[in-house]
């Protein structure tokens with residue numbers, strides 16, 4: 001479904017040039033849920049943003065369902081891939097009702113039966129029709145994230161990119177959103193790429209996980225490796241250990257990976 | 001929270017689940033109004049502005065005359081029961097002229113607003129969103145306008161266009177829009193990288209759509225606030241032009257021009273220039289207080305949380 | 001002056017002792033009770049306060065410094081710190097306590113640091129405000145403090161502005177700034193939730209050192225039950241402004257309260273399966289049950 005080969009993105013020029021992503025390769029099968037973990041600045045979100053075309057100056061190849069992506073996208077091609085952002089407070093336009101937010105993609109893509117579609121998607125993400133005319137400030141964080149998921153889903157895409165979708169939420173809400181995401185994947189046969197700093201969250205939703213550090217994919221873990229901590233790369237092991245909670249002894253062995 | 005005690009209309013306006021887009025919009029405005037209402041100083045400003053509108057609307061009935069009838073036998077009469085604010089050097093009733101002058105003031109305010117807001121918003125948001133050469137060009141033009149002192153530039157425009165109220169308005173508008181463009185650009189720059197703009201991009205929204213449907217509504221409120229706060233300055237510039245004889249032409253009653261022609265009598269017949277001065281002061285103050293209150297309600301930074 | 005000679009915190013009097021703390025905010029929609037009857041003691045230990053957003057955990061921390069926002073009111077039958085009732089302390093006393101004897105670290109260093117001053121300057125300033133030392137001495141202390149919080153090039157970092165440092169470094173700088181005055185109590189409100197896991201651990205180990213070496217009392221406020229329980233000695237679990245349960249951090253599995261259990265269960269586990277996570281069901285009765293705020297009885 002998704003093939004990424006030799007993806008590279010650099011920002012800035014001259015001396016201040018930073019390679020955000022270096023030679024990233026990954027393949028995701030249709031219906032698979034793929035995770036990318038890494039710390040801030042590892043380039044994990046940059047990969048997603050290159051995929052959806054927020055950044056257009058990348059090098060390498062990105063193929064979706066066999067078709068290579070160009071830097072410039074046609075409006076129609078955007079339908080197949082949507083994204084859910086981290087911050088449910090920042091990803092909804094504060095002056096627009098839920099209805100405005102959900103109708104807009106339909107208007108842009110000239111889809112009919114807007115009202116039916118909006119009501120259907122609201123039910124699907126676990127919000128009732130009573131949420132249709134609310135403003136974001138009238139919603140809780142979890143409800144906002146459900147609206148953001150609904151917005152991504154309403155165009156019926158095949159791939160959804162999840163950029164830390166639960167890291168701004170309370171754990172109990174996080175559980176609800178994770179359950180919703182895995183249920184939606186099953187019913188719609190969606191392909192996910194999920195980016196997170198939280199190994200446990202990615203491990204819960206994804207079957208394979210790439211570990212990124214400083215723009216490079218250092219290792220790809222299977223679900224099994226993830227569960228047992230039987231990983232090859234030292235950086236991965238350190239990340240795994242840190243995710244287990246505070247451990248003074250283990251901390252002494254931590255080092256910087258450059 | 002139970003709202004049943006607030007009556008029927010407010011339960012519609014405060015219902016947790018609005019049934020349609022119209023109700024949702026009304027609720028939004030109503031909640032803003034509730035916040036505004038809680039600020040007595042802003043309400044005082046609003047009262048002044050509404051009073052100005054009322055006076056302008058019913059000027060023929062309130063003034064009791066057209067304000068241009070001369071009565072040379074009765075010139076420079078002090079305030080009395082017949083002439084509440086006295087008469088000027090041509091024996092015209094100052095009260096009537098103040099009342100008629102409110103129309104001129106409102107006219108200036110209205111024209112300046114409908115010219116300045118769109119120009120400032122479009123130039124600022126376009127520059128901010130597109131960036132690069134467009135941004136640089138538009139902002140340098142803005143800088144040029146920003147560099148001149150307002151009254152001097154307005155004077156130059158009026159000198160070219162010829163004196164008259166419409167030209168004065170045009171001159172004021174042309175000298176006023178630049179800060180709005182800067183404001184709108186600055187706001188666009190912060191909005192441009194927000195996730196909801198990215199989300200709109202990802203779903204395929206065109207730049208025009210992002211500009212008009214996403215960014216402009218966010219910049220609108222701060223522009224309105226700024227305009228209300230600037231209103232006092234606009235009124236004063238208009239009065240200044242009037243004072244210099246470059247704005248409204250006689251016999252049209254314009255407060256600035258009234259001060260100008262009355263300034264010779266300041267010491268002996270103080271009411272002739274003082275009354276229009278007070279009128280300008282009160283209206284300017286009203287707009288400033290209103291603007292302060294609006295800022296608390298509308299400004300995304302102060303009302304962003306809840 | 002009972003300074004920092006300490007051995008085993010259990011025996012001695014608590015650093016902070018709070019009984020029946022209430023924080024109420026007046027809003028246009030009526031009063032909002034953020035904290036309702038919280039009681040606890042803090043010794044020379046690592047005390048965790050865990051709860052979800054809106055549980056009142058942050059307001060509890062702020063109330064200790066009487067930093068509640070303007071429309072809020074604090075009530076408590078007592079709030080003792082070092083033999084002083086903070087409820088009765090005047091504004092001047094509170095100012096002298098804040099920052100020098102009880103410090104607070106917030107989640108986002110960006111809002112706590114002055115953007116137009118260098119970070120080093122701010123640390124030195126903080127030092128000079130609480131102790132009368134020369135500029136050179138303050139700078140020296142600031143530099144050594146930066147080293148203590150494991151910043152590798154203190155001289156270079158000293159002259160940076162807040163926007164030039166990363167989140168993790170910013171938080172270390174905040175900690176340096178708070179520690180330079182040698183406080184007896186540190187209140188850390190989500191000090192690490194904006195940081196990467198490995199950096200998070202390093203920041204926590206700094207706080208850990210301060211508790212062990214300086215005998216400081218630490219209140220760690222966080223939403224992350226796992227993290228808090230692996231770091232702290234005791235954990236207070238808050239919900240709806242009340243303490244649901246006080247737990248020994250080592251024995252989290254012995255949690256009795258359904259809320260604590262629910263919180264633990266809905267966390268995705270590293271070694272977990274891909275089934276649906278159990279969703280936390282909230283019981284309105286938790287907000288009304290009495291006698292649950294048993295934090296006072298240690």
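Results, tabulated for the structure shown:
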{"item": "Filtered residues of the stretch A:204-217 (kept if in contact with a strand residue (DSSP E or B) (Cβ under 6 Å, 6 or more places away or on another chain) and either at positive phi or part of a helix (DSSP H, G or I) (or both))", "result": "A:205, A:215"}
{"item": "Any chance residue B:296 is within 14 Å of another protein chain (Cβ to nearest Cβ) and surrounded by fewer than 19 Cβ atoms within 10 Å (Cβ to Cβ)", "result": "yes"}
{"item": "Selection within the stretch C:223-241 - more than 8 Å from chain A (Cβ to nearest Cβ) and crowded, with 24+ Cβ neighbours inside 10 Å", "result": "C:228, C:232, C:235, C:236, C:237, C:238, C:239, C:241"}
{"item": "Residue that is surrounded by the fewest Cβ atoms within 10 Å (Cβ to Cβ) [pool: residues in the stretch C:182-209 that are in contact with a strand residue (DSSP E or B) (Cβ under 7 Å, 6 or more places away or on another chain) and more than 14 Å from chain A (Cβ to nearest Cβ)]", "result": "C:189"}
{"item": "Count - residues of the stretch A:21-56 that are part of a loop (DSSP other than H, G, I, E, B) and within 21 Å of residue A:158 (Cβ to Cβ)", "result": "6"}
{"item": "Any hit, the stretch C:265-273, residues being within 12 Å of another protein chain (Cβ to nearest Cβ), in a helix (DSSP H, G or I) and modelled with pLDDT under 90", "result": "yes"}
{"item": "Residues that are touching a helix residue (DSSP H, G or I) at 6+ places or on another chain (Cβ under 7 Å) and under 15 Å from residue A:220 (Cα atoms), drawn from the stretch A:1-48", "result": "A:24, A:33, A:35, A:36, A:37, A:38"}
{"item": "Filtered residues of the stretch A:228-243 (kept if touching a helix residue (DSSP H, G or I) at 6+ places or on another chain (Cβ under 8 Å) and at the interface with another protein chain (Cβ under 8 Å from one of its Cβ atoms))", "result": "A:229, A:238, A:239, A:240, A:242, A:243"}
{"item": "Only listed residue being within 13 Å of another protein chain (Cβ to nearest Cβ), over 15 Å from the mean Cα position of the chain (by Cα), at pLDDT 85 or above and surrounded by fewer than 22 Cβ atoms within 10 Å (Cβ to Cβ), chosen from C:212, C:152", "result": "C:212"}
{"item": "Residue check for residue C:32: modelled with pLDDT under 90 and touching a strand residue (DSSP E or B) at 6+ places or on another chain (Cβ under 6 Å)", "result": "yes"}
{"item": "Residue within the stretch B:198-216 that is free of Cβ contacts under 8 Å to residues at least 12 places away in the same chain and either within 30 Å of residue B:76 (Cα to Cα) or in contact with a strand residue (DSSP E or B) (Cβ under 6 Å, 6 or more places away or on another chain) (or both) present", "result": "yes"}
{"item": "Leading residue by the ranking (surrounded by the most Cβ atoms within 10 Å (Cβ to Cβ)) among those in the stretch A:244-257 that are more than 7 Å from chain C (Cβ to nearest Cβ) and over 23 Å from residue C:268 (Cα atoms)", "result": "A:257"}
{"item": "The stretch A:228-248 - residue that is in a helix (DSSP H, G or I) and touching a strand residue (DSSP E or B) at 6+ places or on another chain (Cβ under 7 Å) and, of those, farthest from residue A:200 (Cα to Cα)", "result": "A:235"}
{"item": "Looking only at the stretch A:94-103, and only at residues there that are more than 7 Å from every other protein chain (Cβ to nearest Cβ) and assigned to a helix (DSSP H, G or I), the one that is surrounded by the fewest Cβ atoms within 10 Å (Cβ to Cβ)", "result": "A:100"}
{"item": "Single unsatisfied condition, residue A:58 versus (1) surrounded by 20 or more Cβ atoms within 10 Å (Cβ to Cβ); (2) without any contact (Cβ under 8 Å) to a residue 40 or more places away in the chain", "result": "(2)"}
{"item": "Complete set of residues in the stretch A:66-93 that are at the interface with another protein chain (Cβ under 7 Å from one of its Cβ atoms) and surrounded by fewer than 17 Cβ atoms within 10 Å (Cβ to Cβ)", "result": "A:75"}
{"item": "In the stretch A:74-128, the residues that are out of contact with any helix residue (DSSP H, G or I) (no Cβ under 8 Å at 6 or more places or on another chain) and within 23 Å of residue A:62 (Cα to Cα)", "result": "A:74, A:76, A:77, A:79, A:80"}
{"item": "Looking only at the stretch B:190-206, and only at residues there that are in a loop (DSSP other than H, G, I, E, B) and within 7 Å of another protein chain (Cβ to nearest Cβ), the one that is farthest from residue A:160 (Cα to Cα)", "result": "B:194"}
{"item": "Every residue from the stretch C:168-181 that is away from chain A (no Cβ under 14 Å) and either at pLDDT below 85 or part of a helix (DSSP H, G or I) (or both)", "result": "C:172, C:173, C:174, C:175, C:176, C:177, C:178, C:179"}
{"item": "Any hit, the stretch A:169-184, residues being in contact (Cβ under 8 Å) with a residue 40 or more places away in the chain and under 25 Å from residue A:110 (Cα atoms)", "result": "yes"}
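Results for (1) in contact with a helix residue (DSSP H, G or I) (Cβ under 9 Å, 6 or more places away or on another chain); (2) part of a helix (DSSP H, G or I); (3) away from chain C (no Cβ under 14 Å), shown as yes or no for each residue.
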| position | (1), (2), (3) |
| --- | --- |
| A:147 | yes, yes, yes |
| A:155 | yes, no, yes |
| A:173 | yes, yes, no |
| A:181 | yes, yes, no |
| A:194 | yes, no, no |
| A:201 | yes, yes, no |
| A:219 | yes, no, yes |
| A:226 | yes, yes, no |
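The values are calculated or read from the model by the stated rules, or taken from the named source; none is laboratory data. These numbers were taken from a predicted model, which means no experiment stands behind them. Because the Cβ atoms are built from the backbone with ideal geometry, glycine has one as well, and the counts that use them run over all protein chains shown.
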